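Here's the structure we're looking at; comments come further down.
The values are calculated or read from the model by the stated rules, or taken from the named source; none is laboratory data. Note that the coordinates shown come from a computational prediction; the quantities given were computed from them, not determined experimentally. Cβ placement follows ideal geometry from the backbone for every residue including glycine, while neighbour counts extend to all protein chains displayed.
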Amino acid sequence: MKISRYITSPQINRMLLLFYFLASVLFFAPVFISLSLLKALSWFVILVVFIFSVPEIINGISKRSSHHYIMLIWVVIFYLSVINSLLQHQQNPILTLRLVFDLLPLLLFYFLVRRDYKIEDVEKTIVLMSAIYMIVFCVALFFAPKVIFDNTGGEIGISHERGVARVKLLGSNFVYYCFFLFVGKYNEQRQKKYIIYFVVMLIFIILNVSRQHILITFLLGTFLFLRNYPWYVKPIIASVLITLTIVLVLNSEIFLSMIQLTLQQISDTGIDNIRILAAKYFITEYPSNIASILLGQGIPYSTSEWGKSYWYIMRFYGYILSDVGYVKIYFYWGILGLVGVYLLFSKILVYKFQGRYQYIKYYTLFILLANIASHNFFVDIMFVSIVFYIHYKLMMEKVKIK
């Protein structure tokens, strides 16, 4: 009994989850360690967790839980990715499985259920991971323009066109999550330390210099911050925040550089926005049939013949699936994929979160909105699983109370 309690203790759970988080970001991919070795270790960790979760996948069918059924649909979707890539584009199933590996963190839900993680333990581990990320980010920023963390194998550099060295480091999604988490905690406890915490998170979000993410985070964060204030106070606080924001934007080299870059891009592309053109191409012009419309094309691997044709389209026309998130979902998995996304998020959006858990809905909205002109569903796929698990856990606790 003592050994059993030790193995399932909160400390062990947090350590396991932290190691999984580190593996999911390739341990930040320092250049002095072989990237192939880091990827192999990451895949091994993710695969072991998935195998450990298989009994929960099987047991979930008998639990008659809608959460388990929805996740089971995604297991089927991932399986169909392999089949569709083979049947429609003759892509080697092994290559497709390699790409599916990157999506397996969506199934972290099963691991969390099987280990019966407390919500607080999940949140604490995310906070710790965000702290580690910020330390690593500062180190990377200090050494810029020299690249010391690189998950691309030398394909990226550090640009200064946005007013600050743009460090591309895996793990920024932990900071975005913690921003909403700390705003939610402030709403509940009204402790000033949480204002400091979410302001620090916002600073690092700004230093990532992703324009749409900064805007969406600020707007949703403001709505969440104002949520529990009386109606007559909200306009006053909103006016102060807007004024401070305008002053900051007009006096910040970072924001001015991003505005200038946006205007330059609009001038270069004219009325034909490249994202709109990409979405139109992949929906209406890319070769398709009934099977691909319903179940998707599959996932192109860069070195396969199909993958090479996609990379040609990307480089020659500038049409990138990662710039049009929902179209990317449709391209990979068809209407079934879009239905799967709806099932994942609709349960969260219609649920009435109470107290500090109100942040879950706003963070979910962040993923959904950012996925319009980016591919946050894929980037934040592990966090989709986490918020889905928190919703499941809250539902189970409500059932127990009844």
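Odds and ends about this structure:
- When Asn173, Asn187 are screened for being under 23 Å from Val49 (Cα atoms), of a type in the set (S, T, N, Q), in a helix (DSSP H, G or I) and out of contact with any strand residue (DSSP E or B) (no Cβ under 7 Å at 6 or more places or on another chain), only Asn173 passes.
- Scanning the range 287-302 for residues that are surrounded by 14 or more Cβ atoms within 10 Å (Cβ to Cβ) and modelled with pLDDT under 90 turns up just one, Ser288.
- Residue check for Val76: in a helix (DSSP H, G or I), in contact with a Pro (Cβ under 6 Å, 6 or more places away or on another chain) and modelled with pLDDT of 90 or more: no
- Total residues in the range 304-356 satisfying the condition of being closer than 24 Å to Asn92 by Cα and among the polar types (S, T, N, Q): the figure is 3.
- Test: residue in the range 116-136 that is assigned to a helix (DSSP H, G or I), over 30 Å from Pro230 (Cβ atoms) and either modelled with pLDDT under 95 or among the charged types (D, E, K, R) (or both): yes
- Positions within the range 57-105 being within 19 Å of Val341 (Cβ to Cβ), touching a Leu at 6+ places or on another chain (Cβ under 9 Å) and not hydrophobic (A, V, I, L, M, F, W, C), in sequence order: Ser66, Tyr69, Ser81, Asn84
- Of note, Phe50 does not satisfy the criterion of being touching a strand residue (DSSP E or B) at 6+ places or on another chain (Cβ under 9 Å) and surrounded by 17 or more Cβ atoms within 10 Å (Cβ to Cβ).
- Unmet criterion (only one of (1) among the acidic types (Asp, Glu); (2) within 20 Å of Gly171 (Cα to Cα); (3) touching a residue at least 60 places away in the same chain (Cβ under 8 Å)) for Asp323: (3)
- Exactly one residue out of Leu202, Leu261, Leu215 is of a type outside the set (S, T, N, Q), modelled with pLDDT under 90 and surrounded by 12 or more Cβ atoms within 10 Å (Cβ to Cβ): that is Leu261.
- Test result for Val339, farther than 30 Å from Asn228 by Cα, out of contact with any strand residue (DSSP E or B) (no Cβ under 9 Å at 6 or more places or on another chain) and at pLDDT 95 or above: yes
- Output for the range 196-231, where each listed residue is small (Gly, Ala, Ser) and more than 16 Å from Tyr359 (Cβ to Cβ): Ser210
- Count - residues of the range 271-327 that are assigned to a helix (DSSP H, G or I), over 17 Å from Ala373 (Cβ atoms) and either of a type outside the set (S, T, N, Q) or under 25 Å from the mean Cα position of the chain (by Cα) (or both): 17
- If you go through the range 143-167 and pick out every residue that is modelled with pLDDT of 90 or more and surrounded by fewer than 13 Cβ atoms within 10 Å (Cβ to Cβ), you end up with 0.
- Just one of the listed residues (Tyr392, Tyr351) is farther than 15 Å from Ile70 by Cα, of a type in the set (Ser, Thr, Tyr) and touching a helix residue (DSSP H, G or I) at 6+ places or on another chain (Cβ under 8 Å), namely Tyr351.
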